[in-house]
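Below: the structure, in structure tokens.
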Amino acid sequence: MLIIVGFILSFIILIYGVLSNIFIGYGLFASLLIFGIISYIRGKKIDEIKNDAWNGGKRSFVVIKVFVLIGLVTASWLIAGTIPAIVYYSMKVMNPRIFILFAFLSSSLVSYMLGTSLGTASTIGIVLIIMARGGDININLTAGAILSGIYFGDRTSPMSSCANLVANQTETELYPMLKGFRRTTIIPFVITSLIYLIFSFSNPLTIVGNNISIDLENSFTLNVIVLLPAIIMLILSSLQFSVKKSMAISIITGSIISLLIQGASLGDLAKTLIWGYSLPPSDPLVNLIKGGGLLSMVKTGLAVFISCSMAGILEGMDLFNKISLLFKKFNNKSKLFLATAITSFASACYGGNQSIAVVITSQIMKSIYDENNISRKDLAIDISNTAVLFAPMIPWNIAVLVPATTFDVSSVEIVPYAFYLFIPFLVNYFSKRIRHNY
């Protein structure tokens, strides 16, 4: 009963924080204290509770290292003109008659290259929304297509912090996990593309402004060379080169290009890598082309660390094993996938962010998959098809709340148009049922 009260109180705090735009880390820390107190009341010593929290928290260190590199990659790509060039060339090839499909595909491509959903939303996502508002198109439909696209890369890119978190929590190798996972996403991706193509026919872009393209040309030197950092990442990841080494090479390449092509100084480069990129206040792109940097990932890393620490305390109370008992009769792949989906949805509703949904789901489901002799790679793939995509379906979850706020739309109204968030689950669930005759 005490644990149930703790979950209810924690849920209220987390949701209040999300809806009040308060950093999620504060709510997570309050939840950590709540479950720490409950653990103490249930008989655990303070040192034991601290050890449980530390043992859970240190699991995040591998992922936090990747977070740091992502912040540096984003900053180097911004100052090198790589991200502005991606936005620029994406707009150049856009066909107004299939704008909704283009919004999905371009968001998918950029999110794959950047490995960040929120970073994609705040760059190409904003550009697409601006174009939609000036082009007499359903804004919620456009935002839903973008939301679908930004979470395509969030699951498939080797640069994705979320993909790295899934691999870390399920104790699987990143590239084999991604290879297996991509096989489960081809059909959902095609189906989603066809749906957006159909919507495109009734929602053509009637007005295409070129002010953003002109502003990009005025603010950056744009050519194929500035795309090298992204091209290098794509080539190295396709060769299954170490993600950390690939990022490091991309950062160095972007830094060199920023000095030689964009004319940045060493001081500007160092400042950008630490604090993030920003344009002068008078630049018309000042609110569009910005972000990245080492310090930009501090809050994200802290939230993941606290989430893992809280999971450690819950694990120390043997809570995950007790919950897993509820799924004892789920003894084949389709039923276990459904159990993973239920756990993922509940965790995403409770935690208010993707990280805690991934952490809690993996901790609960690992033993069940092991008992049924189903590989950890299969678990990682199932989590990618559920927890990662279910989080942005929850209106108060920051996975959708932040993009919706960025686009100035309602998180409730855009989710029904974000088809890629639920089609992968449906396709893979029925595929598993057919294959196993259940």
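The numbers here are math on the coordinates, done by the rules we state, and not lab data. Remember, predicted model here, so these are calculated numbers, not experimental data. Counting neighbours? That spans all protein chains shown, and the Cβs are built from the backbone with ideal geometry, glycine included.
A few remarks follow.
- Shape descriptor for the chain: Rg over Rh equals 0.97 (Cα atoms; Rh from the Kirkwood inverse mean 1/r).
- Exposure proxy for Val298, Val359: other Cβ atoms within 10 Å of each Cβ, ordered fewest to most, give Val298, Val359.
- Inter-label distance for Glu371 and Ile214, nm, one decimal - labels placed 7 Å from Cα along Cα-to-Cβ: 6.6 nm
- Loop-located trypsin sites (Lys or Arg not before Pro) in the range 316-395 (DSSP state not H, G, I, E or B) with no more than 13 neighbouring Cβ atoms inside 10 Å: Lys328, Lys329.
- Here's the list of aspartates and glutamates a cross-link from Lys44 could span, going by alpha-carbon distance under 17 Å and ignoring same-chain residues fewer than 8 apart: Asp52, Glu315, Asp318.
- Normalised contact order of the chain, rounded percent, pairs of Cα under 8 Å and 6 or more residues apart: 26 percent
- Computed from Cα positions, the angle between helix 398-407 and the longest principal axis of the chain comes to roughly 20 degrees.
- Over the chain: helical MRE at 222 nm, DSSP H runs n ≥ 4 each giving -39500 (n - 2.57), nearest 500: -22500 deg cm²/dmol
- Shown for the range 62-296: lysine pairs separated by 8 or more places, or found on different chains, whose C-alpha atoms are under 30 Å apart, numbering 13.
- If the chain linking Glu171 and Lys290 were pulled fully straight, counting 0.36 nm for each residue of separation and taking away their Cα-Cα distance, it would gain 39.4 nm.
- Relative contact order computed over the range 252-325 (Cα-Cα under 8 Å; 6+ residues apart), in percent: 19 percent
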